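For reference, the structure discussed in these notes is given below.
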Amino acid sequence: MCSFWLVFGGFIWVIGDLFQQYAAKYVGISRGIPLSNTNQLWGLLWGVLVFGELQGRGHSLYVQVVGGSLLMMAGVAAIALSSATSGEQSRWKQAAHREGQRYNIAADYVEARMDGRQAASEAKPSRTPLDWLLVLAVTSIFAYFATTARVPQIPIHWPPALILSAATLALFLICGWSLHRTTRFH
């Protein structure tokens with residue numbers, strides 16, 4: 001059963017990385033990356049509630065952990081509730097067009113990418129045999145390590161694990177639906 005949780009955790013990690021890419025693309029690196037780093041709060045919840053990592057520690061350690069988590073959540077709220085002013089957005093566009101000119105990139109391509117879409121003149125990307133060879137090689141390496149790895153014997157507290165799993169899946173569905181509605185995954 002522990003291997004299920006490892007696979008589930010890996011799946012969630014990959015989905016989180018995908019969401020991080022969309023966050024960086026649509027809200028900018030300065031907002032997207034700090035928001036994506038809130039995964040540390042999820043890791044803390046799993047460690048404390050599911051794996052009992054702080055069990056038997058002093059009261060002051062709990063105060064520090066809870067205080068740091070609350071401070072992090074306040075920062076996340078400040079970032080999440082902020083919005084780019086029209087001046088900031090125009091400076092983004094100016095910088096993008098300046099860099100496009102510097103590197104000889106077509107203006108319609110830059111504009112389309114700023115809007116999160118492909119340019120009309122842009123051909124749909126296709127995979128080369130080298131791409132598929134790399135995917136096969138990396139998948140083979142992961143499969144090899146998966147067959148040779150030993151699953152650690154870690155005691156799990158099941159009620160918090162199930163609650164956190166349900167919360168994670170709910171957030172995944174809500175965020176995925178919202179992201180699809182906003183971006184159509186472009």
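Compared with the direct C-alpha span, the chain from Val151 to Arg117 gains 8.0 nm at full extension, assuming 0.36 nm per residue.
Dimensions of the chain from C-alpha coordinates, computed as largest minus smallest value along each principal axis and given longest first, are 60, 44, 29 Å.
Residues in region 31-42 carry Karplus couplings, in order, of 9, x, 5, x, 5, 5, 6, 5, 4, 5, 5, 5 Hz; the curve used is 6.51 cos²θ - 1.76 cosθ + 1.60 with θ = phi - 60°, and Gly or Pro positions show x. Applied to region 117-126, the Karplus parametrisation 6.51 cos²θ - 1.76 cosθ + 1.60 on θ = phi - 60° returns per-residue 3J(HN,Hα) values of 9, 8, 6, 4, 7, 8, 6, 5, x, 10 Hz, with x for Gly and Pro. Loop sites by DSSP among the trypsin sites (Lys or Arg not before Pro) of the chain, restricted to those with at most 13 other Cβ atoms within 10 angstrom, leave 58-116 as the longest stretch without any of them. Charge dipole of the chain (Cα centre as origin; +1 on each Lys and Arg Cβ, -1 on each Asp and Glu Cβ, all else neutral): 160 debye, rounded to the nearest 20.
When the chain is treated as a Gaussian network with alpha carbon springs shorter than 10 Å, the biggest mean-square fluctuation among Ala120, Ala137, Ala106 belongs to Ala137. With protein chains left intact and a 1.4 Å probe, residues in region 1-132 average 71 Å² of accessible area per residue.
Here the accessible area is traced with a 1.4 Å probe on the protein chains. For region 59-141, carbon and sulfur cover 64 percent of it.
Hey, what did the chain get for relative contact order, percent, Cα under 8 Å, at least 6 apart? Relative contact order, the chain: 24 percent. Computed 3J(HN,Hα) for region 165-175, one whole-Hz value per residue from the Karplus formula 6.51 cos²θ - 1.76 cosθ + 1.60 where θ = phi - 60°, is 5, 5, 5, 5, 5, 4, 5, 4, 5, 5, 5, glycine and proline marked x. Among Ala149, Ala96, Ala80, the largest mean-square fluctuation in a Gaussian network model of the chain, built with springs joining Cα atoms closer than 10 Å, belongs to Ala149. Which chymotrypsin sites (Phe, Trp or Tyr not before Pro) in region 92-186 pass both tests, a DSSP loop state and at most 12 other beta-carbon atoms within 10 Å? Here the chymotrypsin sites (Phe, Trp or Tyr not before Pro) that fit, given the DSSP loop and packing criteria, are Tyr103, Phe185. With helices as the sole contributors, the chain gives -24500 deg cm²/dmol at 222 nm; each DSSP H run of n ≥ 4 counts as -39500 (n - 2.57), and the sum is divided by every residue.
The values are calculated or read from the model by the stated rules, or taken from the named source; none is laboratory data. From a predicted model like this one, the values you see are computed outputs, not experimental measurements. Note: ideal-geometry Cβ built from the backbone for every residue, glycine included; neighbour counts use all protein chains shown. Ligands, DNA and RNA are excluded from the accessible area calculation, which covers all protein heavy atoms including side chains. Shrake-Rupley method; radii C 1.70, N 1.55, O 1.52, S 1.80 Å.
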